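Input: a single structure, listed below in structure tokens.
A short reminder: the numbers here are calculations on the coordinates, not readings from a lab. Keep in mind it's a predicted model, so treat the numbers as computed, not measured. Backbone-built Cβ (ideal geometry, glycine too); neighbour counts: all protein chains shown.
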């Protein structure tokens, strides 16, 4: 039973009932190295009743506790359906570095899932373009897998993915698996040519031209560093894409996840409860620089 | 709601009764400095219902500066964790709240427990507290509650409301909790004559503002309009930002500021405590993310956030009123002279220039 007012209104209806106050304990089942400083942690809840009720939407995030170090907000890469519960994290701060020290069998705490999530039902029948820069692929993974699980509901599904070096590319086995799905187009680039790489070279926005992306009846999910985000948006706007059709997910420092600590305020919205998923039109009118 | 007329002696007895079963908080005057603090009372003799507006807001009692919200111990060898999932729950009486502080509590109530998600920590404090307000029969230097519609008499939110009249105290009931307290005592009923006397007291108090409350004036509706529509010039925020010393005092004395930080602290004995501490949007670290990316570095970006929070329509929708309740404490403590009433003046001056 969740202790939010949501419970009566929406939790029971959509079955999404977040863990709000006290973290639930999860076991680290497996740790996989994705790239330098990036690891994936596969986890399962100790309390199987909690696990059964723990359901997510793609684009949502959790608050993850590393015991002894603190709590951090992290986006959820697994698909809402038939996927292993995991998080992919780069070691950048105090808590994430502590997380990278952990071994299989260690315990973590989880609160959530929080946030609005990516649209799914609303975009059925459309073409989808995923544009990811570096670890920007992590939040998009959930939506990609979900869309591929419902392949026939969508038009073209295109992934444009760029990273600094070939070694920084994430989810390599996953991408190979996805490419087996009929009509899943992938374009991958790295910033500078390097030995052993025979794919595209250059920034990710150059792929927009190469992929000859559709404009009408299309949504684009864009996630990556601000500089990449801005140049990709520019290219899409030049091609005549609607501001409502460009969707991104933002990140901010978060402490509570439920709209109380206010650390994640951008203008008049809170990223934790109003976001983290916004359309480009919304981002433009938040009243604060991203 | 029902009304009663109590003598000063009966008011004191009521406080004494509460002291047996509750932690009783009330205004007390510090003998050395003459400052007023709204602190826990050991003996009712210290309770001073005529004291000035307290230096610190009463949010300290419901939303403390630092509070433990979780305790756990992680055993790295066994790879096991034990958690103590509980909050300290203790019945409290807030005896003699000023109406502005009452309005502050209502803002916190609406923000913490009136929205989609409920803040459990605050709810636990709030659930067991009894609020007794005290009408201000006179304003103090920094008061401007008449501008924010939060005084000099409390209108809602209280369990019991006291007003000092010539022959004792008029006690008005504001909730079922308050009615239950009244029913348990054989208090003398008050009538229309006493209510009229209260109205006269309130009117006299308002009349005293031009003469006694000379520090601050804030015509906030004009500023709200500018802030909500984003029409304030960047130069004005820069000016405000240049005055800011980034001390955070305004946030800590504001009855409606509710931002907090959460840290896990390692205790010496191997236990870990998750501490929730108050935070201020004036600090640079407030928005800093892991990896040192900070979207809000210039101080004016942070300063306008505070006034946006207090005076924008979108934030008022959460509070069901403006975020300023007219106590004047920020103006009192601000070393840079950019308390809310002053900033409202700057914004208004800008509109007339």
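Rounded to 0.05, the FRET efficiency of the residue B:90 and residue B:2 pair, given R0 = 25 Å and the Cβ-Cβ distance, is 0.30. Of all beta bridges that DSSP places with both ends in chain B, some 75 percent have antiparallel geometry.
Look at A:252, B:204 and count the other Cβ atoms within 10 Å of each Cβ; fewest to most, that gives B:204, A:252. Available extension along the chain between residue A:164 and residue A:243 is 25.7 nm, counting 0.36 nm per residue and deducting the alpha carbon span. Comparing B:166, B:218, B:51 in a Gaussian network model of chain B where C-alpha atoms under 10 Å apart are linked, the largest mean-square fluctuation is found at B:166. Here each label is just a point 7 Å from Cα along the line to Cβ, and for residue B:266 and residue B:242 those points are 4.6 nm apart. Size of the stretch B:3-212: Rg and Dmax of its alpha carbons, in Å, are 19.4, 74. Largest first, the extents of the alpha carbon coordinates of the stretch A:6-114 on the three principal axes equal 42, 27, 23 Å.
Each of B:264, B:48 has some number of other Cβ atoms within 10 Å of its Cβ, and from fewest to most they run B:48, B:264.
Using a cutoff of 8 angstrom between alpha carbon atoms and counting only pairs six or more residues apart, the relative contact order for the stretch B:220-352 works out to 33 percent. Across 10 Å bins from 0, what is the distribution of all Cα-Cα pair distances for the protein assembly as shown, in whole percents? The distribution over the protein assembly as shown is 3, 14, 22, 22, 18, 11, 6, 3, 1, 0, given as percents.
As a calculated quantity, the FRET efficiency between residue B:16 and residue B:138 at R0 = 30 Å, using C-beta atoms, amounts to about 0.65. Working note: Debye formula, equal point scatterers on the alpha-carbon atoms of the stretch B:30-73, no solvent; log10 I(q)/I(0) at q = 0.13, 0.14, 0.17, 0.31 Å⁻¹ is -0.41, -0.46, -0.61, -1.23.
Treating chain A as a set of equal point scatterers at the Cα positions, no solvent, please give the Debye-formula log₁₀ I(q)/I(0) at q = 0.10 Å⁻¹. Per q value, in the given order, log10 I(q)/I(0) is -0.53. When each of the peptides B:273-286, B:148-161, B:291-304 is scored by how many other beta carbons lie within 10 Å of its residues on average, the order from highest to lowest is B:148-161, B:273-286, B:291-304.
Averaged over the residues of A:64-75, the number of partner chain Cβ atoms lying within 10 Å of the residue Cβ comes to 4. Spatially, the stretch B:96-135 and the stretch B:1-63 are offset by 17 Å when compared through their Cα centroids.
Stretched out straight at 0.36 nm per residue, the stretch from residue B:225 to residue B:166 would grow longer than its current Cα-Cα span by 17.0 nm. Simple spin-label estimate for residue A:46 and residue B:128 gives 2.7 nm between the two label positions (7 Å along the Cα-to-Cβ direction from each Cα). Residue separation of residue A:201 and residue A:32 scaled by 0.36 nm, minus their Cα-Cα distance, works out to 58.2 nm of gained length.
Calculation over all alpha carbon pairs of chain B in 10 angstrom steps from 0 returns a P(r) of 5, 22, 30, 24, 13, 5, 1, 0 percent. A Förster distance of 41 Å, applied to the separation of the beta-carbon atoms of residue B:348 and residue B:32, puts the FRET efficiency at 0.55. Between residue A:104 and residue A:122, the simple spin-label model (points 7 angstrom out along Cα→Cβ) gives 4.1 nm.
Between the alpha-carbon centres of the stretch B:201-232 and the stretch B:176-191 there is a gap of 35 Å. Only DSSP H runs of four or more residues enter the estimate; each adds -39500 (n - 2.57), and after division by the residues of the protein assembly as shown the mean residue ellipticity at 222 nm equals -8500 deg cm²/dmol. Could you tell me the relative contact order of chain B? Use alpha-carbon pairs under 8 Å, at least six residues apart, and round to a whole percent. With pairs under 8 Å counted, the relative contact order is 20 percent. Counting only C-alpha contacts under 8 Å and six or more residues apart, can you give the relative contact order of chain A as a whole percent? 17 percent. Expressed to the nearest 5 percent, the antiparallel share of DSSP beta bridges inside the protein assembly as shown is 65 percent. Panel order for B:314, A:163, A:79, by other beta carbons found within 10 Å of each beta carbon, from fewest to most: B:314, A:79, A:163.
Once you reduce the stretch A:46-124 and the stretch A:227-281 to the center of their Cα atoms, the two points are 20 Å from each other.
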